[in-house]
Structures are given as structure tokens and as C-alpha cells.
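Take a look at the structure below.
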Amino acid sequence: MDSSEDNAAARETLAQAIDRRLPQTQCELCGHRGCLAYARAIAAGREEINRCPPGGAVTTDALARLLGRATPQPAAPPPPLQVARIREADCIGCALCIKACPVDCIVGAAKLMHSVIADECSGCELCLPACPTDCIEMTPRAAPQKQEQDAREAPSIWREFTQPQVEKWRLRAAQKRAREFSARRERATRGASQTGRRELRREILAAVRRKQAGAACRRA
């Protein structure tokens, strides 16, 4: 492994350590497409450590200690703790919110009514701009009994989120990234296959024309 590969591996190891100190809401308020993308930007020296509003001062302090830096003030205040709710009467079943949700907490099918699993929602608000009928609204998060139990049995560094919640959001975000990568690769493969078929068709037609031209010359 050469030095560039060593450096890349070291950055990815650091990015994973940074990612473990992010609350995994996948809200993109940091300006990056998800918590891991933000962690990689920090690891590469391209981003500050105080850009995670949901993580607040707790996350900023944890990252400062990890990286041996002074602790800056958070760049923005934490957003309110909310979950999405779909007004069923106004839902047209377009499925755009399902595609937008980074933690797969919206269930439903095309042309059928969708619903948000409130206990699974990270409150990222990414479903709001995706909805063409504005039938999604944010409501205050109510801590269910299980969440209170999780907070006692598996506390996280954040008062607002339990460790099971954080790990579930991380896992679901990773699964969604993997699905999107597979879909892009499949589209690229399909496109290459179609391009190959078009090129083969052009070559066959060119060969046919050459043969027809040769036959016409012989007849002449």
C-alpha cells in the first residue's frame, strides 16, 4: 500500500470516529449530504467541527477532544425536537417523501397513502420540500415509554437522543446509501449495454451498406 492509500485509509478511519460522535439525524443542516459526508469533510480538513446543530455543544466538544482542538461555539442553535406527520387526507401517494427520507421512517406505496413511523423519525425535515401537496407538517416529539427506557439503559452523549436511536439512524442511512449506489451502478450498466447495442447496430448497418455498395459495383 503506497502513501496515498495509507493517507486515504487513515482519513476514513478518522471519518468513522468522527461519525460516531454525530447524532445521525441526517438532516444536512451542516451543508453535507448526511452525517458521514460531514465526517469525511472534517477528516479531510475541509470543514469546521461546529456545523452540526442537532448535536449542539455536546457534539462540538466531543469532536474537539477527538481532534485535539479548541472547542468553538456551535455555528447555529439546535433545532426543536420534532417529528414529521403526514395529513392523510391530502396525501396523493406520490412517494417522493419516501425517497427523500434518509432514515426510511415513511411507509407506503405509489398512489397509496403514506405514514410516518413517529418513533423512527429523526426530525430532519427533508421530506417537507419533497412533498408537492404540502401535506407534511412537523409536530413536537413525544418521548414514548420505550425511548425513556432506552435513555436509562443505553444512554448516549446527547440528552435528546438515545443510543439505539442513533445507531438505527446510522444503519438505515448506510443501507439507503448502499441501495442508491446499487441503483446508480445498475443504471450505468444498463446505459452502457444500450450504448453497446447501438454501436453494434451501427456497425452491422455499415457492413450491410458496404456489402450492398460492393455488389452494385460488380453489377456495374
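Could you look through segment 20-55, keep only residues that are touching a residue at least 40 places away in the same chain (Cβ under 8 Å) and farther than 23 Å from Lys99 by Cβ, and pick out the one that is surrounded by the fewest Cβ atoms within 10 Å (Cβ to Cβ)? Full working, then the answer.
Taking segment 20-55 first, the residues touching a residue at least 40 places away in the same chain (Cβ under 8 Å) are 21, 23-29, 34-36, 54-55.
Restricting the remaining residues to those that are farther than 23 Å from Lys99 by Cβ gives 21, 55.
Details: Arg21: 22, Gly55: 28.
Result: Arg21.
From the list Lys99, Lys111, which one is free of Cβ contacts under 8 Å to residues at least 40 places away in the same chain and under 14 Å from the mean Cα position of the chain (by Cα)?
Working: Lys111 fails: under 14 Å from the mean Cα position of the chain (by Cα).
Unique residue meeting the criteria: Lys99.
Can you tell me which condition Thr13 does not meet? The list is (1) surrounded by fewer than 20 Cβ atoms within 10 Å (Cβ to Cβ); (2) touching a residue at least 12 places away in the same chain (Cβ under 8 Å), and all the others hold.
(2)
Can you go through Glu167, Glu203, Glu186 and tell me which one is closer than 27 Å to Cys52 by Cβ and either loosely packed, with under 11 Cβ neighbours inside 10 Å or at pLDDT 80 or above (or both)? Reasoning before the result, please.
Values: Glu203 fails: closer than 27 Å to Cys52 by Cβ; Glu186 fails: closer than 27 Å to Cys52 by Cβ.
After applying the criteria, what remains is Glu167.
Between residues in segment 134-159 that are at pLDDT 80 or above and residues that are surrounded by 12 or more Cβ atoms within 10 Å (Cβ to Cβ) and of a type in the set (Ser, Thr, Tyr), which pairs lie under 6 Å by C-beta distance while being six or more apart or on different chains?
From segment 134-159, the pairs are Ser156/Thr162.
The values are calculated or read from the model by the stated rules, or taken from the named source; none is laboratory data. Quick caveat, the model's predicted, so the values are computed rather than measured. Cβ sites come from the backbone with ideal geometry, for glycine too, and all protein chains shown count toward neighbours.
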